[in-house]
Every structure is written in C-alpha cells, then in structure tokens.
Amino acid sequence: MTWYLNFTTNFNQYENNIQGLKKTVKQKPFFLAHFLKTPKVKYTLAIFALLLGLDLAFPVKVPDNYSTVVLDDEGRILSAYLNNEDKWRLKTNVEEVSPFFLKAIIEKEDKYFYYHPGVNPVAIFRALASNIQKKKRVSGCILLYR
C-alpha cells in the first residue's frame, strides 16, 4: 500500500514537472520574430534594401568601347585597331581565355577573389588609409567581374 501511494505521488510530481516545462516553453517568444525586432537588424535590413534598390535602379554599366576587329569568313582575326581612347579592348568570352592566364590575373590583382562577395573590404580600407596618409590618391581598388 505504501509503495503504491509513493509511486502515485512520484508520478504526479513528474506530471506536474512536465506541465511546468510545457508552460515555460510556450511562454518563450519565437527566436526569429524576436531577432527581427532588434534595432540593429532593422537598420541592417533597411540599408540592405536601400542598396539593393539603388543597384536595381542604377546598374553598373560595363564599358562597351571595344576595339574594332576585322574577321575573315572563318572567324579568324585579320586586323584590329585601337579604340577611341587609344587602348586595346577586345571583347572575349571566358571560355576563349587560358585558365592559366585567368589564374595569373587573379593572383596578381586580387588573390582573395574567391573569398569575398565581389568587393574586398580589407583592400578598400587599406587604399583609403594610404590615400589619407599621403593626402592624395596613391592606391585604389580593382574590379574583377565574376
């Protein structure tokens, strides 16, 4: 008889503990909803939306001031001329360029090309610091399209 009473008491305590845990879980707010209400997240999302809107409204124009190229019937180059800025700017596809040449350009210009989202913030701040220190433009950034 005592054992039965003891077991029921322990079972009731266990059930009360479960009910208490359920109540505490229900009272906690949903993490994502709470996270989105913080001011830092709101400002970050607003800035991101503003920059995305500006990017869509004013897209970056790739220069199309290419050199004139004369081709034969089979597509081979017969002659090429400088563009109006006296520069060689030949339009080509990535598939036509040697992978070794592409790797050499990336290693020379931006060795962290594959590790940032298109703009290297470290390079920007380094160029900004050197320009401020020298009080003139001595360094800049290069933009490599993916």
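Okay, here's what the table says:
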read-out: Cβ pairs under 9 Å, 6+ apart, first in region 40-59 and on the phi < 0 side of the Ramachandran plot, second of a type in the set (F, W, Y) and in a helix (DSSP H, G or I); value: V41/F35
read-out: Which numbered condition L21 fails, given (1) surrounded by 10 or more Cβ atoms within 10 Å (Cβ to Cβ); (2) modelled with pLDDT of 85 or more; value: (2)
read-out: Total residues in region 105-128, condition under 28 Å from S67 (Cβ atoms) and in a loop (DSSP other than H, G, I, E, B); value: 2
read-out: L102 vs. criteria surrounded by 10 or more Cβ atoms within 10 Å (Cβ to Cβ), assigned to a helix (DSSP H, G or I) and outside the structural domain of S139 (by TED's automatic domain parsing); value: no
read-out: Yes/no for Y81 being modelled with pLDDT of 85 or more, aromatic (F, W, Y) and either touching a Phe, Trp or Tyr at 6+ places or on another chain (Cβ under 8 Å) or more than 28 Å from G118 (Cβ to Cβ) (or both); value: yes
read-out: Test: residue in region 44-67 that is farther than 25 Å from G118 by Cα and either at pLDDT below 90 or assigned to a loop (DSSP other than H, G, I, E, B) (or both); value: yes
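The values are calculated or read from the model by the stated rules, or taken from the named source; none is laboratory data. Source: prediction; values computed, not measured. Because the Cβ atoms are built from the backbone with ideal geometry, glycine has one as well, and the counts that use them run over all protein chains shown.
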